[in-house]
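The numbers here are math on the coordinates, done by the rules we state, and not lab data. All of these numbers come straight from a predicted model, not from anything done at the bench. Every residue, glycine as well, gets a Cβ built from its backbone with ideal geometry; the counts of neighbours run over all protein chains shown.
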Amino acid sequence: MFAGIDVSKDDLEAQLDSKDAGINCPNTASGFPLLIDWLKSHQVRCVLLEATGGYERQVMKALQTDGFEVIRVNPSRARSFAKAMGQQAKTDPIDARLLAQFAATIKPPKTQPTSPDQDDLRALVHQRENFVQQRSDDERRLKTAGSDAVKPLLKGHIDYLNKVIVLLDAQIRQSAESLDRKRVLRLCSVKGIGLITAASLMAYLPELGNVGRHEIAALAGLAPYNNDSGKQKGKRYISGGRFSVRRSLYMACWSVIRFQPEFNARYKALLDKGKCAKVALIACMRVLLIRLNAMIRDDSEWRDRVA
């Protein structure tokens, strides 16, 4: 039996795939036992829900702790499934029923539970990204500020953010080393990969080292997909994947290209073939990620190759 849960800020709407039965309960710790008891009474073992900006995390943790298989999908995939089924109406019970049917139809892989240490590291890395973005925004505002009354406020906020980011860096190092110190040292041993990039990969891509080269590239959204039809051979494009991983690898790969002759030669060779700079960079990012995955999988040192 499959169940779908439509998650909102305040409520959880659950429906079954093959029975006209549902339940609505609060999206709070006090409401989770009611949902779990109802799922168990209908012998549900697999639950599918959408990623809703974090509102789904607590209930997902509670379900995984209780032994349920939990699947979390991108909302666009669920909406595409609804359109494919010809379902135009949209209500919470309808959405929950469609999620249950979606799970029963395609049986996607379940979401692996994370440890408290992984959750802490992810939260710290995400908060640092927010503070860095705020600092960049204020630095742009400072350049265009026309009032002398505003400039000291912006400078004070930038100074405050600089101090907080330094404190966060120390917390991220401590959290990452507490989670897996050996992996941190292994990743940071690569020229161009720093602490924040290593922590981001550990936080956003826990599958690193546990899957094959094709799957790790697809998870990061760095796998080019065919676009052919008949005799027409279209351009390959990357699609989907985890944006946070690509963002972490983007600047890191520039450093790798700068400091490692092999990647520098690869990047220039692609430019010489007529590829645009971003296409060449994405290709280097994919090779970098595949080699990092192999390094962690084989528990081996990074090997600098001849350019």
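The modelled label-to-label distance for the pair residue 294/residue 171, using points 7 Å beyond Cα in the direction of Cβ, is 3.8 nm.
Computed about its Cα centre, the charge dipole of segment 213-298 is approximately 240 debye, with only Lys, Arg, Asp and Glu carrying charge at their Cβ. Only one residue of 168, 23, 58 has its Cα farthest out toward the positive end of the dipole of the chain, where Lys and Arg carry +1 and Asp and Glu -1 on Cβ, and that residue is 168. Computed from point charges on the beta carbon alone (+1 for Lys and Arg, -1 for Asp and Glu), the dipole magnitude for segment 154-273 about its Cα centre is near 380 Debye. Quick test of the membrane-span-like rule: which DSSP H helices of the chain reach at least 30 Å along their long axis (C-alpha atoms) with mean Kyte hydropathy at least 0.5? Those that pass (Cα extent of 30 Å or more, hydropathy at least 0.5) are 277-298. Farthest toward the positive end of the dipole of the chain, out of 99, 234, 35, is the Cα of 234, where the dipole comes from beta carbon charges about the Cα centre. Its Cα gyration tensor gives the chain an equivalent ellipsoid; the semi-axes, largest first and in whole Å, are 38, 27, 22. Only helices enter the 222 nm calculation for the chain: every DSSP H run of n ≥ 4 contributes -39,500 (n - 2.57), and dividing by all residues gives -19500 deg cm²/dmol, rounded to 500. Farthest toward the positive end of the dipole of the chain, out of 224, 85, 134, is the Cα of 224, where the dipole comes from beta carbon charges about the Cα centre. Quick check for you: which residues of segment 159-202 have the amide N under 19 Å from the point 7 Å beyond the Cα of residue 145 toward its beta carbon? So the set is 159-165.
Look at the Cα gyration tensor of segment 213-298: its axes a ≥ b ≥ c give a/c of at least 1.5 with a/b at or below b/c, and that counts as oblate. Across segment 116-203, the mean sequence separation of Cα contacts (distance under 8 Å, 6 or more residues apart), normalised by length, yields a relative contact order of 42 percent.
Under 5 Å between amide hydrogens, built in the peptide plane, is the criterion, and for residue 70 it picks out 47, 111 among residues at least 5 positions away or on other chains. This model, with +1 at the C-beta of Lys and Arg and -1 at the C-beta of Asp and Glu, gives the chain a dipole about its Cα centre of some 1700 debye. What pairs from 233/273; 9/163; 107/235; 191/235 go past 28 Å between their alpha carbons? Exceeds cut-off: 9/163; 107/235; 191/235.
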